[in-house]
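The next block holds one structure in the form of structure tokens; read it before the comments.
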């Protein structure tokens, strides 16, 4: 059984990313005076915008647009059109609001990458299936008695 999960952009996640970077920029401005503080604060804001653009709004070419589960390895489909099979590490975080998947190297970078999927990026039933897969490494099945005759 194979399942393809199409990810949608998340404005909430984008806002949270930008807000966290804005808080870091404000902290820098309280500690550093002058040009260095302003430059570092602006750099943090730019980093937050770039992270929100690629990770939450899925606009970069390297953004994961869909995940295909059910094969030997999950396949991550990028906005550029590439399909990358990659192992997912065991240290996953699963909650009712988000799932983190540590995706292994070498496809995403020499060090790997952690994919964060928030609940509003998928329909509720798809997010539930992703959560079950992340916890148990298998897709939920249907009991034989529930199958149509």
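Bear in mind that the values in this text are calculations on the coordinates, not laboratory data. In this text the structure is predicted, and so the values were computed from the model without any measurement. Virtual Cβ from ideal backbone geometry, glycine too; neighbours counted across all protein chains shown.
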How much mean residue ellipticity at 222 nm does the chain get from its helices, if each DSSP H run of length 4 or more adds -39500 (n - 2.57) and you divide by all residues, to the nearest 500 deg cm²/dmol? -11500 deg cm²/dmol
Over the chain, what is the relative contact order in percent, taking alpha-carbon pairs closer than 8 angstrom and at least six residues apart? 20 percent
For the Cα atoms of the chain, what angle does the longest principal axis make with the long axis of helix 34-51, in degrees from 0 to 90, nearest 10? 20 degrees
Listed residues 126, 68, 82, most fluctuating in the chain (Gaussian network, C-alpha, under 10 Å): 82
Pull out the extension gain between residue 68 and residue 2, defined as 0.36 nm times the separation in residues minus the alpha carbon to alpha carbon distance; nm, one decimal. 23.1 nm
Where labels lie 7 Å past Cα in the beta-carbon direction, separation of residue 24 and residue 61 in nm: 2.5 nm
Over the range 68-141, what is the mean sequence separation of C-alpha contacts under 8 Å (at least six apart), divided by residue count, expressed as relative contact order in percent? 22 percent
Rounded to the nearest whole Å³, what is the per residue volume of the convex hull around the Cα atoms of the range 3-136? 117 Å³
Quick note on 31, 103, 64, 94, ordering by fewest other C-beta atoms within 10 Å, gives 31, 94, 103, 64
